[in-house]
Amino acid sequence: MDIHEYQAKEILRDFGVGIPQGALAYSPEQATYRAREMGGDRWVVKAQVHAGGRGKAGGVKLCGSDTEIQEVTEAMFGQKLVTHQTGPEGKGIYRVYVEAAVPIAREIYLGFVLDRASQRVMIVASREGGMEIEDISAQRPDSIVRATVEPAVGLQEFQCREIAFALGIKPALVQQMVRTLLGCYRAFRDLDATMVEVNPLVVTSDDRILALDAKMTFDTNALFRHPQISELRDKSQEDPRESRAADRGLSYVGLDGNIGCIVNGAGLAMATMDTIKLAGGEPANFLDIGGGATPERVAKAFRLVMSDKNVQAILVNIFAGINRCDWVAEGVVRALRDEPVDVPVVVRLAGTNVKEGQQILAQSGLPLIRATTLMEAAERTVMAWRADTHRNPKLKAV
Ligand code: ADP
Ligand code: MG
């Protein structure tokens with residue numbers, strides 16, 4: 001789960017990391033009086049969206065007066081900000097952060113990630129702050145400093161000093177740098193983050209080390225231990241299809257194709273997507289209804305998949321271990337009776353109570369296409385989709 005820059009900054013501040021003075025606003029008027037309350041004469045207005053690259057896309061603006069803040073925020077609120085990280089549809093701006101402009105002497109890149117190869121938390125830093133890490137590794141790989149944390153003892157001060165020296169931090173500021181590194185590391189570890197990125201971390205001309213931008217991503221499977229982090233979720237920044245699924249306890253990932261998949265188990269979902277591709281189709285989603293899916297759950301899954309206007313065929317692929325094929329079949333029949341769909345539906349069932357399941361499907365009188373193996377199911381889905389898009393010109397073939 002991602003959170004906003006201002007939220008990440010608040011968290012990091014509690015762990016001892018320096019951040020500039022700032023305040024959140026939900027309207028242009030609020031933005032101006034936030035700036036007035038804060039004082040000073042130069043502010044940076046920052047669109048709060050779950051994506052980086054805002055500066056280049058017009059989502060970070062330096063302002064020198066109330067009227068300027070008013071103008072800038074009026075143009076931001078309600079708009080979609082499109083950065084290289086958002087995709088072409090962009091992300092809606094509903095909050096802005098007004099921050100005191102700080103005099104930057106130098107910008108540093110700082111990231112904490114999970115390094116899967118060493119199975120350790122890894123610190124990645126560079127003198128080339130402000131640039132994206134991908135560009136730094138492509139253009140200035142020699143500038144990158146790395147350190148891995150030994151989990152038994154955690155990040156050590158000597159490691160922080162080494163990083164500070166490698167980045168050329170002047171001796172008087174090394175202790176501040178150590179505190180910053182330790183703070184980020186503790187926030188990462190204590191809150192089950194999977195990523196903390198401060199880009200840029202700046203040294204100001206008056207010798208302060210401040211996180212000027214902050215990004216944190218959390219392990220969703222650990223959120224139950226951190227209710228204060230779960231509360232930071234902002235649905236306006238998520239794919240609406242995915243939020244709806246999460247609210248219903250289903251795992252859903254929206255994709256760009258047009259074959260909807262209803263599957264149980266993540267492994268089977270992957271295999272199903274691969275097989276659809278092999279058969280010449282493109283999956284529209286990854287939907288895992290999980291084990292022990294009741295008819296109600298299957299019906300919910302159908303509704304969710306059909307709410308995606310790109311879906312032109314549905315493949316239900318169930319391998320029932322804990323699940324029961326008769327339940328799933330009942331769910332499919334119920335869903336289609338309640339809300340008939342105008343696209344072909346292929347069902348492949350295997351495992352527990354498969355005979356009963358097949359019987360329910362056969363006796364339903366619904367125009368379902370049945371299949372026995374996964375390959376057969378994928379081929380029939382793609383075939384039915386092609387035939388259907390041919391018959392029905394309102395569905396555009398890809
Ligand atoms: P993004 O990474 O999404 O583009 P940042 O928060 O990193 O957004 O801001 C982009 C750039 O704007 C920074 O690299 C920095 O140069 C400048 N900037 C951001 N916040 C401030 C601030 N408070 N004072 C001065 N400059 C700032
Ligand atoms: Mg940044």
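Taking only the range 327-358 into account, find how many residues are under 32 Å from the mean Cα position of the chain (by Cα) and among the aromatic types (F, W, Y).
Counting residues in the range 327-358 that are under 32 Å from the mean Cα position of the chain (by Cα) and among the aromatic types (F, W, Y) gives 0.
Taking the range 178-226, which residues are within 16 Å of ligand 2 (Cβ to nearest atom), within 16 Å of the chain's Cα centre (by Cα) and open to solvent by less than 20 Å² (accessible area, probe 1.4 Å)?
If the condition is that a residue be within 16 Å of ligand 2 (Cβ to nearest atom), within 16 Å of the chain's Cα centre (by Cα) and open to solvent by less than 20 Å² (accessible area, probe 1.4 Å), then V196, A214, M216 are the ones that fit.
Quick one: count up the residues across the range 141-171 that are hydroxyl-bearing (S, T, Y) and modelled with pLDDT under 95. Steps first, please.
Narrowing the range 141-171 to residues hydroxyl-bearing (S, T, Y): 143, 148.
Subsequent filtering for residues that are modelled with pLDDT under 95 retains 143.
So the count comes out to 1.
Just the residues that are hydrophobic (A, V, I, L, M, F, W, C) and either touching a Pro at 6+ places or on another chain (Cβ under 7 Å) or loosely packed, with under 14 Cβ neighbours inside 10 Å (or both), please, taken from the range 227-269.
L255, I259, C261, A266
Please enumerate the residues belonging to the range 50-70 that are free of Cβ contacts under 8 Å to residues at least 40 places away in the same chain, touching a helix residue (DSSP H, G or I) at 6+ places or on another chain (Cβ under 8 Å) and more than 16 Å from ligand 2 (Cβ to nearest atom).
C63, D66 - these are the residues of the range 50-70 that are free of Cβ contacts under 8 Å to residues at least 40 places away in the same chain, touching a helix residue (DSSP H, G or I) at 6+ places or on another chain (Cβ under 8 Å) and more than 16 Å from ligand 2 (Cβ to nearest atom).
Report whether or not V174 is among the β-branched types (V, I, T), away from ligand 1 (no atom under 16 Å from the Cβ), at pLDDT 95 or above and open to solvent by 30 Å² or more (accessible area, probe 1.4 Å).
Working: among the β-branched types (V, I, T): yes; away from ligand 1 (no atom under 16 Å from the Cβ): yes; at pLDDT 95 or above: yes; open to solvent by 30 Å² or more (accessible area, probe 1.4 Å): no.
It is false that V174 is among the β-branched types (V, I, T), away from ligand 1 (no atom under 16 Å from the Cβ), at pLDDT 95 or above and open to solvent by 30 Å² or more (accessible area, probe 1.4 Å).
Would you check if I3 is within 16 Å of ligand 2 (Cβ to nearest atom) and under 23 Å from T180 (Cα atoms)?
yes
Counting just the residues of the range 312-323 that are modelled with pLDDT of 90 or more and open to solvent by 10 Å² or more (accessible area, probe 1.4 Å), which one comes out farthest from the chain's Cα centre (by Cα)?
Among residues in the range 312-323 that are modelled with pLDDT of 90 or more and open to solvent by 10 Å² or more (accessible area, probe 1.4 Å), the one farthest from the chain's Cα centre (by Cα) is F319.
Quick test for you: out of A117, A125, A105, pick the one residue that is without any contact (Cβ under 8 Å) to a residue 24 or more places away in the chain and small (G, A, S).
A117
Matching residues to (1) under 30 Å from N221 (Cα atoms); (2) touching a residue at least 60 places away in the same chain (Cβ under 8 Å):
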| residue | (1), (2) |
| --- | --- |
| I19 | yes, yes |
| A23 | no, yes |
| R34 | no, yes |
| Q48 | yes, no |
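Out of all the residues in the range 40-51, which are near ligand 1 (Cβ under 8 Å from one of its atoms) and either touching a Ser or Thr at 6+ places or on another chain (Cβ under 7 Å) or at positive phi (or both)?
A51
Please specify each residue of the range 136-166 satisfying the condition of being open to solvent by less than 60 Å² (accessible area, probe 1.4 Å) and closer than 19 Å to G53 by Cα.
I136, S137, listed by residue number.
The values are calculated or read from the model by the stated rules, or taken from the named source; none is laboratory data. This one's a predicted model, so the numbers in the text were calculated from it and none came from an experiment. Here the Cβ is made from the backbone with ideal geometry for all residues, glycine too, and neighbour counts use every protein chain on show. When the accessible area is computed, the model is the full protein with side chains, heavy atoms only, and any ligands, DNA or RNA have been set aside. Shrake-Rupley method; radii C 1.70, N 1.55, O 1.52, S 1.80 Å.
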